[in-house]
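Have a look at the structure that comes next, please.
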Amino acid sequence: MAELQDNALLLRRVAYGDTSYIVHFLGKTQGRFTLMARGARRPKSPFRASLEPLHELHLTWRAGRTGMGTLTDVERGGMCMDTSHSLEGLQLCAVAAQLFRDGDPHGFDELLRAFKLLAERQVDTGLLVGVWQLLSDSGLIGPLDHCWQCASAADDLAWQHAELHCPDCGGGDAVSVGLRRTIAALMHSVTVRMSARDLTMWQAMIQDVLRQHGLKPMNVCR
Ligand SMILES: [Zn+2]
């Protein structure tokens with residue numbers, strides 16, 4: 001059977017049988033898909049060192065006759081971020097694994113962009129910037145300059161049930177113009193700083209979006 005190839009990011013590995021893994025990937029052209037990595041847990045398997053998250057991988061596999069394909073080769077490219085950002089990088093993988101499900105053609109470019117945003121920033125804002133970008137790419141959040149219900153550009157927007165509302169569309173916790181402008185600026189610039197208070201509020205907004213959509217909240221421990 002013909003071999004197929006794609007560039008991919010590893011989302012998660014699940015042990016299978018005594019020596020193998022089922023591996024979930026986001027492929028550049030394949031989107032989200034899974035492959036069987038036979039023998040990958042054996043000490044001398046060539047897959048052992050190369051099947052890693054946070055790296056760009058070049059995969060070769062044989063398509064399955066009916067179900068899952070079988071991995072035949074992995075070339076590991078460079079790491080997508082500095083190792084000091086790897087805990088946050090794994091959190092971005094966990095969020096992406098929930099946003100892009102099997103068969104979704106998207107995910108690779110989105111996660112790579114989130115990695116890049118994280119890599120360029122301090123760890124305190126990098127995770128939030130990366131997750132915010134993933135949520136935006138998935139259509140779960142909108143722009144911060146208008147109400148997500150009626151699109152009116154009111155100054156006094158508020159946060160309720162994981163949405164930004166104008167006073168006519170619902171109340172909630174005020175989201176200041178300053179915070180909204182700082183978030184927008186942070187998405188595009190590595191030099192913007194955010195106050196501890198704004199960071200806490202933004203983090204709570206993100207956790208709220210994750211929860212409202214049935215996704216696991218971020219684990220922000222540093
Ligand atoms: Zn409104």
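Bear in mind that the values in this text are calculations on the coordinates, not laboratory data. Please read these numbers as outputs of a predicted model, since none were measured by experiment. Cβ coordinates were reconstructed from backbone atoms using ideal geometry, including for glycine residues, and neighbour counts include every protein chain displayed.
Which Cα, out of N7, L51, Y21, lies furthest along the positive dipole direction of the range 7-80 (beta carbon charges, K/R +1, D/E -1)?
Y21
To the nearest 10 degrees, how steep is helix 123-137 against the longest Cα principal axis of the chain, on a 0 to 90 scale?
Roughly 90 degrees between the two axes.
What full-extension length gain, to one decimal in nm, is calculated for T60 and D82 as 0.36 nm per residue of separation minus the Cα-Cα distance?
That pair, T60 and D82, stretches by 5.3 nm at full extension.
How far, in degrees from 0 to 90, does helix 86-99 lean away from the longest principal axis of the Cα atoms of the chain, to the nearest 10?
90
In the chain, with Lys and Arg counted as +1 and Asp and Glu as -1 at Cβ, which of these residues, W132, A37, L112, has the Cα nearest the positive end of the dipole, that is, farthest along it?
A37
When the chain is fully extended, how far beyond the present Cα-Cα distance does E3 get from A184, taking 0.36 nm per residue of separation?
Using 0.36 nm per residue and subtracting the Cα-Cα distance, I get 60.8 nm.
Sticking with this structure for a sec: Extension gain H213-D155, at 0.36 nm per residue separation less the Cα-Cα distance, in nm?
So the extension gain works out to 18.2 nm.
A further question on this structure: Based on Cα positions only, what radius of gyration and what Dmax would you give for the chain, in angstroms?
That works out to 19.7, 64 Å for Rg and Dmax.
Still on this structure: Please give the Cα centre distance for the range 88-114 versus the range 1-43, rounded to the nearest Å.
With the range 88-114 and the range 1-43 each reduced to a Cα centre, they are spaced 15 Å.
Quick check: the angle from helix 196-212's long axis to the longest principal axis of the chain, C-alpha only, nearest 10 degrees?
Helix 196-212 and the main axis of the chain meet at about 60 degrees.
Based on C-alpha coordinates, I'd like the Rg and Dmax of the range 85-206, in Å.
Cα radius of gyration and Dmax of the range 85-206 are 14.7, 43 Å respectively.
Report P(r) for the range 3-79: all Cα-Cα distances, bin width 5 Å, range 0 to the bin holding the largest distance, values in whole percent.
In whole percents, the pair-distance histogram is 4, 18, 30, 29, 15, 4, 0.
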